[in-house]
Amino acid sequence: MTTVEQRTGLVGQGVDRVDGPLKVTGAARYPNDFSYPDLAYAALVRSTVAAGRISRLDTAAALASPGVLAVITHQNAPRLERAPDSGLTAPPPPLQDDRITFHGQYVAVVVADSAEEATAAARRVEAEYEPAEPILDMGDPRAEWITDPWGTDSSRGDLKGALASAEVRFEATYTTAANSNSPMGLFSTVAVWDGDDLTIHDSTQWPSYLRKAIAQVFSLPEGNVRVLCPYVGGAFGAGLRAWPHIMLAALAARTVGRPVKLVLTRPEMFTGVGHRTASEQCVKLGATRDGRLVALAHESTTPLQIEGTQFEPCTAGSASAYACPNVITRDRQVRLNIPWCNFMRAPGEAQGNFALESAMDELAYELGMDPLELRLRNYSEDNPRLELPWSSKSLRECYEVGAERFGWSRRSPEPGSMRDGDSLIGYGVAGVSFFWYQEPCEARATLRKDGTAVVRSAVTDIGTGTYTVMTQLSAECLGLDMAHVTFELGDSDLPAGAAAGGSGLTAAVGSAVQAACRNLVRAFLDTVRDDPTSPLQGCTIDEVSVGGGRIHRIDAPESGEAYADILAAHGIGELSADGSSTPNDPKVAGMAPSGAFAARFVEVRVDPDLGLMQVARVVSVVDAGRILNEKTATSQIMGGTVGGIGMAMLEEIVTDPGTGRVANATFGDYLIPVNADIPDMEVAFVGRPDRFNSVGVKGVGEIGLVGIGAAIANAVHHATGRRVRSLPITIEQLF
Amino acid sequence: MADDMTGGVPVATVARVGVTLTVNGADYRLDLDSRVTLLDALRDRLGMTGTKKGCDQGACGACTVMVDGKRVLSCLTLAAQCEGKDVTTIEGLAADGVLHAMQEAFVRHDAFQCGYCTSGQIMSAVCLLAEGRAGSDDAIRQFMSGNLCRCGAYGNIVAAIREVRDAGGHDA
């Protein structure tokens, strides 16, 4: 079977988002937009110490407050089971004991008739603590260290010997601050019980997992729980875990026997749904005089909460970034009394790339070489760690196209040598890779008697464009107009879906959608197999193609039959087929699975008198394999770039060193980029369809953030001669 | 406001206020807890959930609505303050199912991703044009900086506003 891709060119086109009209009219319904008759509201009480035990909880005043229905604490909460791991440990269920492990941990939930009453009463819960000395600093000798937490550490060749004998050596330490995902949508849960059936509206990126998790917490059969999330107000990784507040909303609803809505406050978003960890990283490089890397060591230490895991491999990308024979990469974690560490757009890579690509820039200056040339000279054609060819890699083209578009050749090498009026100008570049990731996924395709199709999978569209690109892909696979295809998601009752995470969703669900659509065409061929009146009688899937709402013979395109006609002729109301995808095996496929690659070029302008720094323009050239929708893919890269500018120049979670309290947990204090911070951005895609999945895509959700930190820091050095090895780069570091 | 005693613990009772809200041209008579914000009145009492709560602290702009023609943060406005004022929300922008020019431009330019800040961005953008502050890209960027977008659609938001401005604007 072939598709009509070449003729319609539907996939790839920058069509408008199919959910656009709903979003611009306020009609798209996010979890906290749902209401029910007799809805009650919950508000949370959080611990005011980072370590220790609750010594006294007095809920009488709260209970006596107007409208209050219940106050649940560890003293009266029923036993909840631990949610299953998703590959990562789930946070423990809340209110099960008196132990406190971070400032902001939930100690009570108050349920009332209105949100105002719940909020007011929550302030009346009196908690006293038997505090312990919290561990808040990675240098604290009491802290527990974890080496090689995920088995990703790597070693090849003889690093020590190569470093010792290298003609040029460079070593430096880099740090990055903790960042907050801070999606605009306050994470919210609306929980509704009907007997032992539980429906949850939630801000999740992974409804199939959340259903399993909540079912286990409440000891229910999985089929009793339904998770709904047709729209999610951003998440950037924060929606990948089954957070305690979700369990509390369900518990509150069961306790009061009414539907309950729980909307986290903005300050609670900083402690309750994870954050990107800070990092301390050391990079050692050894090179020949002519710029060939002979040694590369990258070691990272990141904080971790007191219990549970987080996958944050800051150094793993360095093992395969460059063709270098002697390499060591090491990650360590240190347990602290801090809120949960979790995925945030480009976990690990965001921090790790800053260190590696800053160090490469510094080495280029040591060598007196163009930083771009140094990267090209050490380009790895194959994956040097797996010693397999990449499933696709057009990073060289990214550099070349990017340099051309940016005007890299106009750069004069000497720091501080480029000016425009009062401004110092700096050019910076960074090379970027993002790791490959894919999960199993299922989908179902259905054709109805009116000739329209609906394709379904329990995945999410957190703003990435899944609704739109899967509609395009389904339409292509079935030979239908986009207007005749609906893609449904955001409901755990649909076929089990992969997480919107790890930049792996489009490959996972796209492959499942392709399979389901192909199986659906097969089902139509089965239907007409013995039908002498059908021009498709006896055709195999490889003998037909689709287009214009019909299946036709490849050898005789005029011989075909419309889906609707087949259904009508055989008295069938609708026909469905399932499809699934599982990740390929690199060894079987004989190739190293590639994530996206990119080259980032940044111009900064620095006013040396005032210390003001501005990113003036960004050129990003990305190899993300096949692009399903140029418009939404470009938006993903631009959005990631905005996140990168935030990480590079603004964002830092400040933890009070005495108490472990997050001291800047509001948008007034934790600064994220605003419109005026963002310059003109140019995005271009290069490369070919990837060979590792049937859709040919490599995810675009995270690559856009990676490399911006290093490119900005490198540009700052070029502008000012000052090397900043710590993010965010703030005015006091410049002068 | 009086104190009553429940279980020996003093509890401040809650003042109720009667208010008539005029939203998108229709009057709604509400009996409200005096603490209810315009945002919560719209969302929880009137079921108009197009206006979003992003911070409830006046720092993100997601809750921007128009009150008497001016952009206002509905999370920092008590519903009781809006008696006799004209409130326009995102639900009131499209006329008879036809999208406002700004809504159309936002779709065409992909000026949103998750869509959560979008109602506030559009209300702000419509007011911006009425204020005459969209003369240049830099001006648009400055005067739209009260509306945060974490997905990072800023460039496309500027493009959408620029297009509507160049087409002669659209009187909200």
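The values are calculated or read from the model by the stated rules, or taken from the named source; none is laboratory data. Worth saying up front: this structure is predicted, and the values here are computed from it rather than measured. Positions of Cβ are generated from backbone atoms using ideal geometry, with glycine treated the same way; all protein chains shown enter the neighbour counts. To get the accessible areas, we keep the full protein, side chains included, count just its heavy atoms, and leave off ligands, DNA and RNA. Shrake-Rupley method; radii C 1.70, N 1.55, O 1.52, S 1.80 Å.
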statement: Cα extents of chain A per principal axis, largest first, Å, are 80, 72, 50
- prompt: What is the mean number of Cβ atoms from other protein chains located within 10 Å of the Cβ atom of each residue in peptide A:674-684, rounded to a whole number?
  reply: 5
Å² of accessible area per residue within the protein assembly as shown, as computed with a 1.4 Å probe and no ligands counted: 35 Å²
query: Taking the protein assembly as shown, how many lysine pairs are there with alpha carbons less than 12 Å apart, if each pair must be eight or more places apart or span two chains?
result: 4
query: Under the definition of partner shielding as Cβ atoms of other protein chains within 10 Å of a residue Cβ, what is the mean value for peptide B:98-110?
result: 4
- line: Of A:87-98, B:58-69, ordering from highest average Cβ density within 10 Å down gives B:58-69, A:87-98
- request: Indicate the gyration tensor shape class of region B:101-166 (rounded, prolate or oblate), computed on the Cα atoms with a ≥ b ≥ c the square roots of the eigenvalues: a/c under 1.5 is rounded; otherwise a/b larger than b/c is prolate and the rest oblate.
  value: prolate
- prompt: With charges set only on the Cβ (+1 for Lys and Arg, -1 for Asp and Glu), what does the dipole of the protein assembly as shown come to about its Cα centre, in debye to the nearest 20?
  reply: 640 debye
task: Counting other Cβ atoms within 10 Å, keep those with at most 15, restrict to DSSP loop, and tell me which GluC sites (Glu not before Pro) in region A:314-411 are left.
output: A:GLU381, A:GLU387
message: For Cα pairs less than 8 Å apart in space and 6+ apart in sequence, what is the mean separation divided by the residue count of chain A, i.e. the relative contact order in percent?
response: 17 percent
field: Debye, to nearest 20: dipole size of region B:101-166, +1 on Lys, Arg Cβ, -1 on Asp, Glu Cβ
entry: 140 debye
query: Over region B:101-166, what percent of the accessible surface lies on carbon and sulfur atoms, probe 1.4 Å?
result: 46 percent
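When only DSSP loop residues count, what chymotrypsin sites (Phe, Trp or Tyr not before Pro) in region A:8-112 have their Cβ near at most 10 other Cβ atoms within 10 Å?
The qualifying sites: there are none.
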For chain A, with +1 on Lys and Arg beta carbons and -1 on Asp and Glu, the positive-most of A:PRO94, A:PRO134, A:PRO78 along the dipole: A:PRO134
Computed helical MRE - 222 nm, chain A, DSSP H runs ≥ 4 contributing -39500 (n - 2.57), nearest 500: -7500 deg cm²/dmol
message: Along the charge dipole of the protein assembly as shown, pointing to its positive end and built from +1/-1 on Cβ of Lys, Arg, Asp and Glu, which listed residue (A:PHE597, B:LEU73, A:LEU22) has its Cα farthest out?
response: A:PHE597
message: Give the average, rounded to an integer, of partner chain Cβ atoms located within 10 angstrom of each Cβ in A:184-190.
response: 5
- line: Note on chain A, DSSP bridge orientation, antiparallel percent to nearest 5 equals 75 percent
- request: For a quick protection proxy, order the peptides A:51-61, A:695-705, A:589-599 by their average other-Cβ count within 10 Å, most packed first.
  value: A:695-705, A:589-599, A:51-61
message: Given the options A:PRO244, B:ALA101, A:LEU186, identify the residue whose Cα lies farthest towards the positive end of the charge dipole of the protein assembly as shown (+1 on Cβ of Lys, Arg; -1 on Cβ of Asp, Glu).
response: A:PRO244
